[in-house]
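**Q** Before I ask anything, here is the structure I am working with.
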Amino acid sequence: MQVLSSLKVAFIKWVSRLYPMAKRNLYQFHGGIFPQYHKELSLSHPLKRGIIPKTLVLPLRQHLGIRTEAKVKVGDRVLKNQCIADTEKGLSAPIHAPTSGTVVAIEPRYKPHPSGLKKLSIIIETDGLDESIENVLAVDGAHPDSPVALKEIVHQAGIVGMGGAGFPTFAKLPEKRNTVKALLVNGAECEPFITCDDMLMQTHADEIVKGAQIVGHALGVEQIICGIEDNKQKAIQSFSKACADTEIQVHPVMTVYPMGGQTQLIQELLGIEVPSEHHAIDVGVLMMNVATLRAIYHAVTFGNPLISRFVTISGLGLEEPFNAEALLGTSFLELAEMAKPKQPIDYPLVQGGPLMGTALHHNNVPIIKTTNCVLANPPKPVETVMPCIRCGECMDACPINLLPQQLYWHSRNHEFDQVEKLKVFDCIECGCCSFVCPSHIPLVQYYRHAKSTIKDIRQKEAMAELAQKRHEFKLDRIAREKAEREARIKAKKAAVKQKTAQKPQAKSSAAAAAAAKAAALKAKKPSATTEGQPVLSARDKAIAAAKKRTQKAKPSTGTESKAPSDKQPDARQKAMEAARQRRNQAKTAEDSTDKAAPKDSKSAQAAAKRAAAVAAAKKRAKKTTEKQESNDDT
Amino acid sequence: MMAPISSPFTHNNNSVRKVMLNVQLAALPALFTHIYFFGFGITIQWTLAMFTLIAVETLMLKLRSRPVWPYLTDFSGLITVTGLVFCIPPEAPWWIIVTGITFAIIFGKHLYGGLGYNPFNPAMLGFAFLLISFPYEMTQWTLPTQVSGHFLSFMDSFNLIFTGHIHTIPLDQITGATPLDEVKTALSTGVPVPVTLEGESFNRFRIPYGWAAVNIAFFIGGIWMLMSRSIRWQYPAGFLITMIILSATFNWFDPENYAPVRFHLLTGGLMLAAFFIITDPVTSSTTPLGRFIYASGIAVLVYVIRNWGGFPEGIAFAVLIMNMFVPFIDQYTQPRVVGYRK
Ligand code: SF4
Ligand code: SF4
């Protein structure tokens, strides 16, 4: 078997000299691309450390989840490692001061995010003393034995997924031991230009390994595998050395983009697919980036929070690209300037790699917990976008095995139900399809747009459904009330009849009703007065009587007193009124013509639907404004 | 809607233009072989076709108010030209190719919205149009030099194409039926296939002079296109495998009436179709399995038309018919998305 598979590999490698794409058969997942990596750019210059910029800008949200709240005030002196922002309100990760200094402002600042909006940030003027609080997390250095204990430390340390997603790490850890069978250490780093994980593995393999052991120990995992792309030979060597006496396996994997994607690396290392709409944890797999593991090691062993990270500063526009262990909050532009730009950086920098990164609207933004790369590539002339020729390059490159060309076709035509059927939500936006498209179509942009549009539509539908349900419920209630009322009237009529039969003098039915009511009340509450409760005044009685009168006179429409106001828009109310009337008409007609009824009730339904639609539309309008406000902070 | 910048920011530098040029390059061996066996007629036809193409495309792009330069230089029209010039008789009158290209570009391409939106293969649409409109001109093939004993000079071809006659050689000596036609006609007069294959149009391997060589040249060009990823393997694979299976089976049961595999593979426009025509991505199925099915479907139809149909060669009609099934095939051959049950 072994011989056969190595023969196969050798054969494919030979074929790939004639037909480069044969390499796609050398790994487990579908598609993939082989871009130019340019990794040597930043690797050929030494790692920079100990940069303390004048000011640090720390956005209050550097993770997926909700924004933290500042725990310091303007003018406060902060020490390195001090927690300066946290929140109890939901999924988030606290933020700590990267060095000592003074809080000079808490105000909205630009942050590296595609929206390009200003977000609330703490601005620290550093003092260069770098005074710190040691062991701020108050740990004893022992490896936690339970997932809960580990989660606590990881949470307090403000650790988030440092590979790019930024999901708070504690939330990714399971509560129970033994849920995770395999811990995968992601050292693939498949994006071009980026070498910060590579550098980290070369310099701190031991710390990463210890971090992995800590996690493995706390969660009781059976297997720890580290996947490193085979273009990082030095990292593989140092990592293998660090793993020598441990149970951790180092697994060199093919160099292909997107090998570092979670689904792809799991497929490669374990040969399993994570079912759609499930998480890796559902198949007993936990994947962690090497940088995250190192942060965990520091938190658990020394009680140090996450305040700095390895960042690659690279790009074709830089003379001396480098890697740095940069403090969070350091400006992109400052770092890029240190790399000797070949031309003034008047073009947008990119956060992340060229395939999945974000182009910045403002270059003066801070490094945050998820920033792995500052990329300075001078702009290239834009290629004209040609029509799709259905060549299928994109399909052959898609690691998820989607049909990007069909997705594109339907997205373009706004046929979003088709787009959804083609599983647009499984798209990981890796960019492989756009990379290979000979027509230079910005495919991923279309999918992003389609996804957000579909989400919007879904939300609207949900709202419309809710409105419809509410409306139906109301109609039901009205009908029920009516039936009850009629029953009551009947009962009372019967009572009145009895009374009139008893009393010699005949009264008007209204008076009779009033009397009956009064009598009933009296009978029901004989002790009302003694208990200090208000007795029905004569006026009340008269009103009650009058009400009943009207009810009697117009049994079919009279019940429609003003509907209880629940702040419905006027349009909706009108529509409902119409619906109600129609329904009532249908009811009265029911006795005479059976056939007419269904038709009328149909039209009533239609009216109801219309009403619901109007309501939904109103809500929609409201919701969008609300959403815009809430989006403001994503 | 399209924001100016969003990832990815890098590209493999492939372009429609490069793909199309590759296809052109791949057609060169066949072109030279064609010249060697059938004379220079095809170069004149090619030039005529190119001029017509440029004129008609420019006109149509102007009419549709599209930018002329980028669309003219995507070279997609060249594929149509290649598809058509190899299909018409090398010494056909000049207006044949001009009408054919004009029809193909206008009705096969631009009226549907241009590149990427046409459901039917433009070259085959043009060819079908010519075959139906001018059946006589379309079946007067120049005989290979080995058969007629004449090699037409450039001027001879030129005169033939533009005036319809040359002084040196009588016309009926240099033109005749294609081998496919020959076999078919012979069968209808009761001559069994093996006897026809002994005839003077066929060499000692019982494959037709000229035609076989051109087909082999197309095959070589096709391999180059496969290697450079200009076309996808499912098309030729599906097409050729199905063709081989069909012709082998029928020939095995009844060699008197059904020609052998090598005859079917190396006559007519078979290899041209396999690598240059059915591989047109725009008008074919786009899923991997779909491509295979699409190609097999064409092979079945070609075989049916060749043996039982009213025309000697059925590639054009087979392609056009399968074009109609493309949306259907696409819908039922979607690949399994990662994370969904097998
Ligand atoms: S790669 Fe581009 S041109 Fe080719 S099928 Fe995909 S979207 Fe269309
Ligand atoms: S961006 Fe989406 S569709 Fe394109 S290759 Fe990646 S996963 Fe496939």
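**Q** Starting with the fewest neighbours, write out A:R67, B:R341 ranked by other beta-carbon atoms found within 10 Å of each beta-carbon.
**A** So the residues, fewest neighbours to most, are B:R341, A:R67.
**Q** So how many Å³ per residue does the convex hull of the Cα atoms of region A:182-253 work out to? Intermediate values should be presented prior to the final figure.
**A** Details: hull volume 5.4 nm³, N = 72.
Spread over its residues, the Cα hull of region A:182-253 gives 75 Å³ apiece.
**Q** Picking from B:P135, B:P67, B:P327, which is most flexible by a Gaussian network model of chain B using Cα springs under 10 Å?
**A** Between B:P135, B:P67, B:P327, it is B:P67 that shows the largest mean-square fluctuation.
**Q** Would you mind calculating the relative contact order of chain B from Cα pairs under 8 angstrom and at least 6 residues apart, reporting the percent as a whole number?
**A** 19
**Q** Let me understand region B:212-260 better: what is its radius of gyration from the alpha carbons, and its Dmax, in angstrom?
**A** That works out to 13.7, 41 Å for Rg and Dmax.
**Q** What percentages, rounded to whole numbers, describe P(r) for region A:393-459 computed over all alpha carbon pairs with 5 Å bin width beginning at zero?
**A** The distribution over region A:393-459 is 3, 21, 35, 24, 13, 4, 1, 0, given as percents.
**Q** Starting from the Cα of B:Q173, step 7 Å along the direction of its Cβ; do the same at B:V195; then give the gap between the two resulting points in nm.
**A** Rounded to a tenth, the inter-label distance reads 2.9 nm.
**Q** A follow-up question, please. Rounded to a whole number, what is D in µm²/s for region A:137-304 from Stokes-Einstein with the Kirkwood radius over alpha-carbon pairs (37 °C, 0.692 mPa s)?
**A** 210
**Q** A further question follows. Near the amide H of A:H96, under 5 Å away, which other amide H atoms are found, from residues 5 or more places off or on another chain, if H is placed in the peptide plane?
**A** A:I84
**Q** Then there is this: Helix-only mean residue ellipticity at 222 nm, chain B, DSSP H runs n ≥ 4 weighted -39,500 (n - 2.57), per residue, nearest 500. What is it?
**A** Computed ellipticity for chain B at 222 nm equals -19000 deg cm²/dmol.
**Q** Same structure, new question: If the chain between A:Q237 and A:A479 were fully stretched, how many nm would it gain, using 0.36 nm times the residue separation less the Cα-Cα distance?
**A** Between A:Q237 and A:A479, full extension yields 79.3 nm more.
**Q** Can you sort B:F162, A:F29 from fewest to most other Cβ atoms within 10 Å of each residue's own Cβ?
**A** B:F162, A:F29
**Q** Take every DSSP beta bridge with both residues inside region A:137-304 and express the antiparallel ones as a percent of the total, to the nearest 5.
**A** Numbers: 1 of 17 bridges.
The antiparallel proportion sits near 5 percent.
**Q** Ranked from highest to lowest mean number of other Cβ atoms within 10 Å per residue, what is the order of the peptides A:213-222, B:255-264, A:463-472?
**A** A:213-222, B:255-264, A:463-472
**Q** Take the alpha-carbon positions of region A:1-93, form their convex hull, and give its projected area averaged over all directions (one quarter of the hull surface) in nm².
**A** 12.6
**Q** For A:V250, enumerate residues with amide H under 5 Å from its amide H, sequence gap 5+ or separate chain, H modeled in the peptide plane.
**A** Close amide H contacts, sequence-distant or interchain: A:C226.
**Q** Considering every residue in B:10-22, what mean count of other chain Cβ atoms within 10 Å of its Cβ is obtained?
**A** Counting Cβ atoms of other protein chains within 10 Å of each residue's Cβ and averaging gives 6.
**Q** Take region A:135-207, drop everything but the C-alpha atoms, weight them equally and run the Debye formula without solvent; then report log10 I(q)/I(0) at 0.18, 0.20, 0.21, 0.22 Å⁻¹ to two decimals.
**A** For the requested q values the scattering log ratios are -0.94, -1.10, -1.16, -1.21.
**Q** Using the Karplus curve 6.51 cos²θ - 1.76 cosθ + 1.60 with θ = phi - 60°, work out ³J(HN,Hα) for each residue of region A:62-74 in order, rounded to whole Hz, and write x for Gly and Pro.
**A** Values per residue, Gly and Pro as x: 10, 8, 7, x, 9, 6, 7, 10, 5, 9, 10, 10, 4 Hz.
**Q** Regarding chain B, what are the three Cα extents along the principal axes, ordered largest first, in Å?
**A** So the three principal-axis extents are 66, 50, 32 Å.
**Q** Test of understanding: what is the full-extension gain from A:I51 to A:Q418, defined as 0.36 nm times their sequence separation minus their Cα-Cα distance? Don't skip to the answer; put the middle values down first.
**A** On the way: separation 367, 0.36 × 367 = 132.12 nm, distance 5.15 nm.
Extending this stretch completely gives an extra 127.0 nm.
**Q** Say each of B:Y136 and B:T185 gets a label point 7 Å from the Cα, pointing the same way as Cα to Cβ; how far apart are those two points in nm?
**A** 1.5
**Q** What is the calculated FRET efficiency for A:R470 to B:T58, with r their C-beta to C-beta distance and R₀ = 51 Å, to the nearest 0.05?
**A** Calculated transfer efficiency: 0.25.
**Q** State the extension gain, in nm to one decimal, for the chain segment bounded by B:W233 and B:W252, taking 0.36 nm per residue of separation less the distance between their alpha-carbons.
**A** The span from B:W233 to B:W252 would gain 4.1 nm if fully extended.
**Q** Further question on the same structure: Applying 1/(1 + (r/R0)^6) with R0 = 41 Å to the Cβ-Cβ distance of A:K342 and A:H251, what FRET efficiency is obtained, to the nearest 0.05? Walk me through the numbers on the way to the answer.
**A** Values: r = 38 Å, r/R0 = 0.93.
So the FRET efficiency works out to roughly 0.60.
**Q** Taking every DSSP beta bridge that has both residues in region A:211-341, what percent is antiparallel when rounded to the nearest 5?
**A** Bridges in region A:211-341 are about 60 percent antiparallel.
**Q** So, one more: Points 7 angstrom from Cα along the Cβ direction at A:K455 and A:A165: gap in nanometres?
**A** Between A:K455 and A:A165, the label points sit 1.5 nm apart.
**Q** Additional query: Apply the Karplus curve 6.51 cos²θ - 1.76 cosθ + 1.60, θ = phi - 60°, to the phi angles in region A:140-147 and return the couplings in whole Hz, x for Gly and Pro.
**A** 9, x, 7, 6, x, 8, 10, x
**Q** Once you compute Rg and the Kirkwood Rh from C-alpha atoms, what is the Rg to Rh ratio for region A:264-378?
**A** Here the Rg-to-Rh quotient is 1.07.
**Q** Now for a separate question. At a Förster distance of 60 Å, what's the computed FRET efficiency of B:F162 paired with A:L7, Cβ-Cβ distance as r, to 0.05?
**A** 0.50
**Q** With +1 on the Cβ of every Lys and Arg and -1 on the Cβ of every Asp and Glu, and nothing else charged, how large is the dipole of region A:412-461 about its Cα centre, in debye rounded to the nearest 20?
**A** 60
**Q** Please sort through the DSSP H helices of chain B and keep those with an alpha-carbon extent of at least 27 Å along the long axis and a Kyte-Doolittle average not below 0.5.
**A** Values: long enough: B:16-38 (32 Å, 1.12); B:41-63 (33 Å, 1.39); B:234-253 (28 Å, 1.08); B:288-308 (30 Å, 1.00).
Length and hydropathy pass: B:16-38, B:41-63, B:234-253, B:288-308.
**Q** I've got another one for you. Fewest Cβ neighbours within 10 Å first, please rank B:W69, B:W224 accordingly.
**A** Neighbour counts put them in this order, fewest first: B:W69, B:W224.
Rule-based calculations on the coordinates, nothing more; no lab input. Just so it is clear, the structure is predicted and the values come from calculations on it, not from any experiment. Methodologically, a virtual Cβ is constructed for each residue, glycine included, from the backbone with ideal geometry; neighbour enumeration extends over all protein chains shown.
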